[in-house]
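The values are calculated or read from the model by the stated rules, or taken from the named source; none is laboratory data. A quick note: this is a predicted structure, and the numbers were derived from the prediction, not measured. Reconstructed Cβ throughout: ideal geometry from the backbone, glycine too, with neighbour counts over all protein chains shown.
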Amino acid sequence: MSSNPSPRALVRLAPIASQFNRRNPKILLGGAHQPTLLRYLDGWPRRQYGPHAFLIQFINVDESLERFGNDQFDLAVIQAPSAEHAEGVIRHLTRIARQGLITRC
């Protein structure tokens, strides 16, 4: 029997797929390792009602999301913040993006 009374839940991330509200969906990727963040875009349809391109904006892990407007992005993928910043990051993430994901990368 394990000495750990509450084992960590296993989380399986599936590709994110959604109907786009824009022909060229705007995506925010925030974190230190951009190639890893780009992998979260796997599964988004490349073609839907004709060709379109992703409009991707990168920010550093320590940049604030405060400067972005409401619903400015179709998707935001943000590297997990420290515990003291988590509340603010989550509040802004739900404000600026129609879909959001916080990840450890």
Region 51-105: strands (runs of 3 or more DSSP E) wholly inside it with 1 or more residues that are among the charged types (D, E, K, R) are 73-79, 97-103
Scanning region 9-66 residue by residue, those more than 14 Å from the chain's Cα centre (by Cα), at pLDDT 80 or above, closer than 18 Å to R95 by Cα and of a type outside the set (D, E, K, R) turn out to be S64
Counting only residues in region 67-80 that are of a type outside the set (S, T, N, Q), surrounded by fewer than 17 Cβ atoms within 10 Å (Cβ to Cβ) and within 14 Å of the chain's Cα centre (by Cα), the one modelled with the lowest pLDDT is identified as A80
